[in-house]
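What follows is one structure encoded as structure tokens, with my remarks underneath.
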Amino acid sequence: MDHETTAALDQQATAPDAGYRPSDRQQERERFRRARKRRNTWIAALCTVAFLVVVGAAVVASPGWARVHSLFLDSGEFRRTLPAILRGFWLNIQMFLIAEVLILVLGLLIALVRVTRAPGLQPLRLAATLYVDVFRGVPTLLLVFLIGYGLPALQLQGTPSQPWVLGVIALVLSYAAYVAEVFRAGLNSVHPAQRNAARALGLNESQTLRHVILPQAVRNVIPPLLNDFIALQKDTALVAVLGPLEALRVAQINADYNFNYTPYLGAALLFIAVTIPLTRYADRLQRRASQRQRAEAAR
């Protein structure tokens with residue numbers, strides 16, 4: 001009986017006041033806001049359509065449009081080459097997924113080494129710092145060339161010879177340096193009071209890192225990590241210089257065979273189909289992170 005009475009009181013406390021009626025001034029303010037929102041929406045839509053029409057008309061009216069249309073927008077060539085490009089794009093997806101896992105593991109290890117303050121790990125810290133400085137300074141395409149042609153030349157036992165594997169190694173070495181810095185920024189963003197509180201509760205160093213520091217650090221760096229992986233997904237096309245039949249290489253072979261560049265457009269559309277959803281998801285995570293930071297600052 002007491003429980004029912006308490007629940008009823010809670011429901012009454014949370015339910016909106018049935019007798020509440022906004023004032024005339026407030027209703028007028030709400031109508032004004034809705035009208036302004038509709039007007040802004042219409043203006044944005046009309047401006048966007050007008051911009052697209054102007055750009056489209058300028059492109060179609062250009063002197064070389066007929067040649068561009070025949071060389072880049074051949075629908076028959078697009079339908080003929082798309083299945084082969086799709087099969088090549090599957091290799092890009094595989095390279096991306098394998099490299100992503102390896103980059104996360106290697107980047108996190110390097111970041112942990114760089115933020116530790118144990119005196120005995122000073123050689124490892126110097127090695128990690130040197131690794132980040134070197135591999136962030138070398139262009140990714142140049143690293144693909146160096147690994148793809150230099151590593152097999154060593155003729156070491158067990159050295160992979162498949163071009164796509166060598167390309168993945170180059171991408172991992174390059175992107176792990178960037179991701180390590182992202183993880184290090186996330187680890188440093190956790191307030192020292194969190195670590196002190198965990199130690200006061202009796203957690204040791206590893207437990208503090210695993211249960212307190214890492215969860216907060218990873219949550220803080222998810223948006224920039226996604227941006228890095230969007231760039232990684234595009235850079236899998238750099239492996240084409242080593243010869244594996246991925247999307248760009250397949251498009252290049254077809255374009256050279258028929259002297260028509262429509263296959264390049266097909267490959268570009270496949271990359272866009274993956275990167276745009278990832279970009280929108282990264283934007284959404286960034287907005288949520290900004291809202292969370294503003295809410296925490298307002299407390």
Check: Looking at this structure, is A180 assigned to a helix (DSSP H, G or I), more than 30 Å from P83 (Cα to Cα), out of contact with any strand residue (DSSP E or B) (no Cβ under 8 Å at 6 or more places or on another chain) and not basic (K, R)?
Finding: yes
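Here is a yes/no grid of residues against (1) touching a residue at least 40 places away in the same chain (Cβ under 8 Å); (2) touching a helix residue (DSSP H, G or I) at 6+ places or on another chain (Cβ under 9 Å); (3) under 30 Å from H69 (Cα atoms):
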| position | (1), (2), (3) |
| --- | --- |
| L214 | no, yes, no |
| V218 | no, yes, no |
| V221 | no, yes, no |
| L226 | yes, yes, no |
| V241 | yes, yes, yes |
| P244 | yes, yes, yes |
| R249 | yes, yes, yes |
| I253 | no, yes, yes |
| N258 | yes, yes, yes |
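Looking only at the stretch 177-187, which residues are open to solvent by 50 Å² or more (accessible area, probe 1.4 Å) and among the small types (G, A, S)? Show your work before the answer.
Let us first name the residues in the stretch 177-187 that are open to solvent by 50 Å² or more (accessible area, probe 1.4 Å), namely 178, 184-185.
A185, the sole residue that qualifies.
Kindly indicate the residue of the stretch 256-269 that is under 24 Å from the mean Cα position of the chain (by Cα) and open to solvent by less than 30 Å² (accessible area, probe 1.4 Å) and also nearest to L173 (Cα to Cα) among those meeting that condition. Give the steps one after another, and end with the answer.
If we filter the stretch 256-269 for residues that are under 24 Å from the mean Cα position of the chain (by Cα), which is where we start, we get 264-269.
With open to solvent by less than 30 Å² (accessible area, probe 1.4 Å) added as a condition, the list becomes 266-267.
Values: G266: 29, A267: 25 Å.
Restricting to residues being under 24 Å from the mean Cα position of the chain (by Cα) and open to solvent by less than 30 Å² (accessible area, probe 1.4 Å), the top hit is A267.
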Next item on the list: Give just the number: which of (1) among the hydrophobic types (A, V, I, L, M, F, W, C); (2) open to solvent by 70 Å² or more (accessible area, probe 1.4 Å); (3) part of a helix (DSSP H, G or I) does V241 not satisfy?
Entry: (2)
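Can you go through A84, A66 and tell me which one is among the small types (G, A, S), open to solvent by 60 Å² or more (accessible area, probe 1.4 Å) and part of a helix (DSSP H, G or I)?
Values: A84 fails: open to solvent by 60 Å² or more (accessible area, probe 1.4 Å).
The conditions single out A66.
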Notebook entry, point to check: Hey, I253 hits all of (1) of a type in the set (V, I, T); (2) open to solvent by 60 Å² or more (accessible area, probe 1.4 Å); (3) within 23 Å of the chain's Cα centre (by Cα) but one; which does it fall short on?
Noted result: (3)
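In the stretch 156-176, which residues are open to solvent by 80 Å² or more (accessible area, probe 1.4 Å), closer than 18 Å to M95 by Cα and without any contact (Cβ under 8 Å) to a residue 40 or more places away in the chain?
Filtering the stretch 156-176 down to residues open to solvent by 80 Å² or more (accessible area, probe 1.4 Å) leaves 156-157, 161-162, 164.
Now restrict to residues that are closer than 18 Å to M95 by Cα: 161-162, 164.
Across the stretch 156-176, the qualifying residue is only S161.
Let me confirm something: among L104, L121, which residue is more than 22 Å from the chain's Cα centre (by Cα) and either without any contact (Cβ under 8 Å) to a residue 60 or more places away in the chain or open to solvent by 40 Å² or more (accessible area, probe 1.4 Å) (or both)? Explain how you work it out, then say what you get.
Numbers: L104 fails: more than 22 Å from the chain's Cα centre (by Cα).
After applying the criteria, what remains is L121.
When you look at G56, is it assigned to a helix (DSSP H, G or I), more than 29 Å from the chain's Cα centre (by Cα) and exposed (fewer than 10 other Cβ atoms within 10 Å of the Cβ), yes or no? Steps first, please.
On the way: assigned to a helix (DSSP H, G or I): yes; more than 29 Å from the chain's Cα centre (by Cα): yes; exposed (fewer than 10 other Cβ atoms within 10 Å of the Cβ): no.
Here the answer is no, as G56 does not meet what is asked.
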Check: Within the stretch 288-295, can one find any residue that is in contact (Cβ under 8 Å) with a residue 12 or more places away in the chain and farther than 28 Å from R67 by Cβ?
Finding: yes
Check: Just one of the numbered conditions (1) more than 30 Å from R294 (Cα to Cα); (2) open to solvent by less than 80 Å² (accessible area, probe 1.4 Å); (3) of a type outside the set (D, E) is not true of Q207; which one?
Finding: (1)
Check: Restricting the first residue to the stretch 137-155 and requiring it to be in a helix (DSSP H, G or I), which pairs with a second residue that is open to solvent by 80 Å² or more (accessible area, probe 1.4 Å) meet a Cβ separation below 7 Å and a spacing of at least six or different chains?
Finding: P152/S161
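The values are calculated or read from the model by the stated rules, or taken from the named source; none is laboratory data. What you see is a predicted model; the values in this text were computed from it and never measured. Please note: Cβ atoms are built from the backbone with ideal geometry, for glycine as well, and neighbour counts cover all protein chains shown. In case anyone asks, the SASA skips ligands and DNA or RNA and just uses the protein heavy atoms, side chains included. Shrake-Rupley method; radii C 1.70, N 1.55, O 1.52, S 1.80 Å.
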